[in-house]
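The values are calculated or read from the model by the stated rules, or taken from the named source; none is laboratory data. Because the structure is predicted, anything quoted here is derived from the model rather than measured. When we count neighbours, we look across all protein chains shown, and the Cβ atoms used for this are built from the backbone with ideal geometry, even at glycine.
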Amino acid sequence: MNRITVLIPLVNMLGAVAIYFYFSFILPAYELGVDIPAYFSPLFTAIGTVLLCLLGVLFFRPSAKIMFDVAYDRIKIKSLEESEIYRLQREALRFPMLVTTYAFLVWILAGFIFGFLEPMITAGIFNSRTPDLVLCMQRFLGISLLGGGITSMILYFILENEWRSYIPNFFPGGHLNRVKHVFKLNVRKRFLIVFLGIILIPLPIIGMTIYASVREMHMADAITRSQIIASLVWELGFITVDSLAIVLILAYFLSKSILVPLLDIKKAIKEVENNNLDTRVEILSNDELGDVAEGFNLMIQSLKESRKVQDSFGKYVCKEIRDEIIAGSSSLDGEMKRVTLLFSDLRNFTGLVEKNHPKHVVKIMNQYFNEMTLAVKEHKGLVIQYVGDEIEAVFGAPVGFDDHPEMAVKAALAMRERLSRLNKKLEQHGFEPLAHGIGIHSGAVLAGNIGSMERMSYALVGDTVNSASRIEGLTKEYGCDIILSQTTYNLLTGSYNTQKLASVNVKGKEDELIIYKLLS
């Protein structure tokens, strides 16, 4: 048996016991006549209680079974049709208030039955004196307001606190506020209802009790007046103690309904502080606390997506450059920058494709590009693009560095070393070793985001780019793997083993280029 179906009758039964105690031992009983059998009142009470319980059972109609199946995870809500999902979500959000409203109506009916109907039926059957209207009204208000009003408020907060744990089964992705035209009790209204409930509900009872006692004292002798006063003290004392107990109970569940979601958010914040972006706050209500929880989840999702972007961006540049670009320290708009370009091109790529299965070619190419990219990133370079078997990398853009020529040369030496290690692995698997040529040149370029409205990429434009590409092509003529331009050579501050080569004319350049072979 689930807790919900136990809590609802249990809370109402406790309220009924309190009211029975009040009317049996606190409130003075009215005289019905000596000819009325002693069993009649308990029998009427039992029959009336059974009828009221049957009315309560009717609330749980067969259609509610599906809702409980979803709540207790016996049925996944995503397996149902869209219209049924929306209906069940509305029912889930309305459930605590519907149960409470229905229970309160049953309590009002109970007040009418036991406050007015019972005395009238008793008087009609046994020809006894009908009780005074004031006493009937006192019983009616005691049952419907003191019993029903307080019990219904307690039932709502207990039921809501219990039902909240099942809400995520109806809303796996959150978004409770997408369901329209449902009851929404925000935090301000919670406090207002509890405040007015504990203040206004006892007032009619206290007023009616004092009025009935004062009226009786006008028609009583001195001894009877003393008894009425003593009874009044007991009645007011019971109502005061009962109200105090109700205040404590309502305060506990009201604070819990607010504190639990806040503690969940606080816990999630700690997880985010520990770089755990997989955490999530369960959205348990459609009030302000639910809005805060949903906003927090959206913030975590945004942070997670930003982390993915950073991680993806980190595949192309080193961490330092990535962080500066994301922080906005470097502009990606068009600007002139002095940089060093590195072009790398595989040798005999056509033969590699012809001799090997395409799947093997792709695997070898990926291994090669991975090793070369790591070498570029290690020295704060940015891979601009891969074109076939060619790599274009830049040092000094978009983040500027004074020693960009040094970085490019060190990256080229690292690429040579990594290629050597990769070739050893390839030879072990029966593949021919790879060879590449690297050209390095420094100069001014126009750097920025270039492209169409639908797609843009960071690119470099200018004579320096063309010259660097031409220098890379010279590695074939001179049978070496790394060639530097005179400009890059003059900017180096470190000690490198180089060999000056013959000046050459390249396509698109009138002046001869002085180039150097990088040995080590």
- Qualifying residues in the stretch 64-98 (those that are in contact with a helix residue (DSSP H, G or I) (Cβ under 6 Å, 6 or more places away or on another chain) and among the β-branched types (V, I, T)) - the one nearest to V179 (Cα to Cα): I85
- Could you pull out the residue among V70, V57 that is part of a helix (DSSP H, G or I), in the same structural domain as S165 (by TED's automatic domain parsing), surrounded by 16 or more Cβ atoms within 10 Å (Cβ to Cβ) and out of contact with any Pro (no Cβ under 7 Å at 6 or more places or on another chain)? V70
- Task: Could you check D481 against (1) more than 24 Å from M365 (Cα to Cα); (2) over 52 Å from the mean Cα position of the chain (by Cα); (3) in contact (Cβ under 8 Å) with a residue 24 or more places away in the chain and say which number it fails?
- Result: (1)
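Each row is one residue, and each column tells you yes or no for (1) within 30 Å of I75 (Cβ to Cβ); (2) in a loop (DSSP other than H, G, I, E, B); (3) in the same structural domain as F68 (by TED's automatic domain parsing); (4) touching a helix residue (DSSP H, G or I) at 6+ places or on another chain (Cβ under 6 Å).
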{"residue": "G147", "(1), (2), (3), (4)": "no, no, yes, yes"}
{"residue": "Y156", "(1), (2), (3), (4)": "yes, no, yes, yes"}
{"residue": "L159", "(1), (2), (3), (4)": "yes, no, yes, yes"}
{"residue": "I167", "(1), (2), (3), (4)": "yes, no, yes, no"}
{"residue": "G197", "(1), (2), (3), (4)": "no, no, yes, yes"}
{"residue": "L203", "(1), (2), (3), (4)": "no, no, yes, no"}
{"residue": "S226", "(1), (2), (3), (4)": "no, no, yes, no"}
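Conditions (1) part of a helix (DSSP H, G or I); (2) touching a His at 6+ places or on another chain (Cβ under 9 Å); (3) modelled with pLDDT of 90 or more, marked per residue:
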residue: K380; (1), (2), (3): no, yes, no
residue: V383; (1), (2), (3): no, no, no
residue: V399; (1), (2), (3): no, no, no
residue: P405; (1), (2), (3): yes, no, yes
residue: M415; (1), (2), (3): yes, yes, yes
residue: R418; (1), (2), (3): yes, no, yes
residue: E427; (1), (2), (3): yes, no, no
residue: F431; (1), (2), (3): no, yes, no
- Query: Of all strands (runs of 3 or more DSSP E) completely enclosed by the stretch 462-520, which ones contain at least 2 residues that are over 25 Å from V383 (Cα atoms)?
  - Reply: 498-500
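So that you can scan it fast, the table gives a plain yes or no per residue for (1) surrounded by 14 or more Cβ atoms within 10 Å (Cβ to Cβ); (2) of a type in the set (V, I, T):
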site	(1), (2)
V376	yes, yes
F395	yes, no
P405	yes, no
M415	yes, no
P433	no, no
G439	yes, no
G451	no, no
A459	yes, no
D463	no, no
- Message: Under 7 Å between Cβ atoms, which residue pairs at least 6 apart in sequence (or on different chains) link something in the stretch 95-123 that is part of a helix (DSSP H, G or I) with a partner that is among the charged types (D, E, K, R)?
- Response: P96/E160; F114/R139; G115/R139; A123/R129
- Message: Please verify whether L196 is within 19 Å of F104 (Cβ to Cβ), modelled with pLDDT of 75 or more and not hydroxyl-bearing (S, T, Y), treating the condition exactly as stated.
- Response: yes
